[in-house]
Amino acid sequence: MNPTFSTILLFLFSFLALLSLAFLFWFQIKTREETSRQIQETAKQILEAQKQDTATQFLQREINNLREQLAKNMADSAKLLSDSQKTIGERLDRAAQVVGNVHKSLGVL
């Protein structure tokens with residue numbers, strides 16, 4: 001081997017080594033970018049899940065509040081209905097009493 005050939009061979013191996021290092025560096029950067037993208041995507045999914053969970057909790061609280069309000073309104077309506085029936089019953093009793101008194105008065109005449 002003459003010195004020129006060995007110099008060319010050394011240069012060629014050095015070039016291939018540098019090219020390999022450049023490829024490895026590029027590959028590492030791409031891998032990090034992909035990993036970073038996956039981490040960001042996972043973080044977005046977690047954040048979205050938390051938002052949905054928060055929305056679900058909010059809706060659950062609102063449903064419970066509506067249920068309580070509905071139960072209260074139904075209890076109030078039942079009380080009003082009961083009071084109305086009681087009042088109607090009292091009026092009918094008084095009307096029956098008046099009719100009975102009128103009937104007695106007519107019977108006496």
> How many nm is it between the label spots at residue 102 and residue 39, if each spot is 7 Å from the Cα in line with the beta carbon?
Replying inline: 9.4 nm
> For the chain, what is the convex hull (Cα atoms) projected area averaged across all directions, in square nanometres?
Replying inline: 9.8 nm²
> Say each of residue 88 and residue 10 gets a label point 7 Å from the Cα, pointing the same way as Cα to Cβ; how far apart are those two points in nm?
Replying inline: 11.5 nm
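Multiply the residue gap between residue 26 and residue 79 by 0.36 nm, knock off their C-alpha separation, and tell me the result in nm, one decimal place.
That works out to 11.2 nm of additional length.
Every number in this text was worked out from the coordinates using simple rules, so none of it is lab data. Note that this is a predicted model, so its numbers are computed, not measured. Glycine gets a Cβ as well: all are built from the backbone with ideal geometry, and neighbour counts include every protein chain shown.
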